[in-house]
Amino acid sequence: MASNKNIRFLAATKLGMTRKKYCRFKKSGIRYIDYKNPDFLLKFVNEQGKMLPRRITGNSLKYQRRVAQAVKRSRQLALMPYVTDLLK
Amino acid sequence: MNQYETVIVLTPVLSDDEAKRSLDVYKEMLTGLGAEMVHEERWGLKQLAYPIKKKTTGIYFVIEYKADANVVAKLELQFNRDEQMLRYLTIRLDKFSLDYNERKRRGEIGKGRKEPAAETTTNA
């Protein structure tokens, strides 16, 4: 059985490499998420316009809920779509 | 006396001054009911993300005012009666949103930029 050392991977595997996730709101001290400007909220939404989960956005629970509330409000005001394709 | 922020979307069929006039009607009604206007913003004609009442664009207005709780209910009753109104959303401003709106008016927060680069907001 090939010993561990001389196993060659074709491409650099990113298995071990996990980036430390942080909550961007705590880090930059943002206190209020404005539902009136959609271009900031687009960072928390995927291509179909659906909200990204916390494990992807890395937000803390408190701010993820505020982001969710802001996204829902901007959807209500037709600033952001409920569902679409190629949003970005 | 809480502070409220209302965003209204009017049909694009209206010309600019008609839209302005219908907004003024609401503002007079508000001040008549004892509310105090704080700020008013006009985004004008904007593309809607999805069609509302078969219309794909709308005229946006944002008004901020201090009022009692029952005033908002009366205002929204009028909104419901107005056919030119596509959509409206009223929220009560808490201390964080109040502070954010003030700083935005003072221009500390750039165009939609969320991170206040210079100082971190450590207010209470």
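The values are calculated or read from the model by the stated rules, or taken from the named source; none is laboratory data. These figures come from a predicted structure and were not determined experimentally. Cβ placement follows ideal geometry from the backbone for every residue including glycine, while neighbour counts extend to all protein chains displayed. For the accessible areas, the whole protein counts, side chains as well, though only heavy atoms, and no ligand, DNA or RNA atoms are used. Shrake-Rupley method; radii C 1.70, N 1.55, O 1.52, S 1.80 Å.
Annotations
- Residues in the stretch B:75-109 that, when all protein chains are in place, have 40 Å² or more less accessible area than the chain alone would give (probe 1.4 Å): B:Arg87, B:Leu89, B:Ile91, B:Phe96, B:Tyr100
- The C-alpha atoms of chain B define a longest principal axis, and helix B:95-106 lies at about 90 degrees to it.
- Modelled label reach - B:Asp24, point 7 Å along Cα→Cβ, the stretch B:47-91 residues with backbone N closer than 20 Å: B:59-65, B:79, B:82-85
- Ligands, DNA and RNA left out, the accessible area of chain A computed with a 1.4 Å probe is 56% carbon and sulfur.
- Computed label-point distance, nm, for sites B:Tyr50 and A:Leu52 using a 7 Å Cα→Cβ extension: 2.2
- Centroid-to-centroid separation of the stretch A:62-77 and the stretch B:55-114 [C-alpha atoms, Å]: 15
- Cα-centre dipole for the stretch B:2-106 with unit charges at Cβ (Lys and Arg positive, Asp and Glu negative), debye to 20: 380
- Tensor-based shape of the stretch A:36-88 (alpha-carbon gyration tensor, a/c under 1.5 rounded, otherwise prolate or oblate): oblate
- Dipole magnitude (debye, nearest 20) for the protein assembly as shown, charges at Cβ of Lys, Arg, Asp, Glu: 1840
- Solvent-accessible area of B:Ser22, all protein chains in place: 20 Å² (probe radius 1.4 Å, heavy atoms, ligands and nucleic acids excluded).
- Förster radius 22 Å - calculated FRET efficiency between B:Arg103 and B:Met1, Cβ distance, rounded to 0.05: 0.50
- Qualifying GluC sites (Glu not before Pro) in the stretch B:1-107, DSSP loop, other Cβ atoms within 10 Å at most 16: B:Glu83
- Rounded to the nearest 20, the size of the Cβ-charge dipole of chain A about its Cα centre is 540 debye, with Lys and Arg at +1 and Asp and Glu at -1.
- Buried between B and A is an accessible area of approximately 2200 Å², summed over both sides with a 1.4 Å probe.
- Members of A:Lys43/B:Lys27; A:Lys62/B:Lys46; A:Lys72/B:Lys74; A:Lys27/B:Lys95; A:Lys43/B:Lys104 lying beyond 28 Å, as alpha-carbon distances in this model show: A:Lys43/B:Lys27; A:Lys62/B:Lys46
- For A:Phe9, solvent-accessible area (1.4 Å; no DNA, RNA or ligand), Å²: 140
- Counting only protein heavy atoms and a 1.4 Å probe, the stretch A:21-88 has 53 square angstrom of accessible area per residue.
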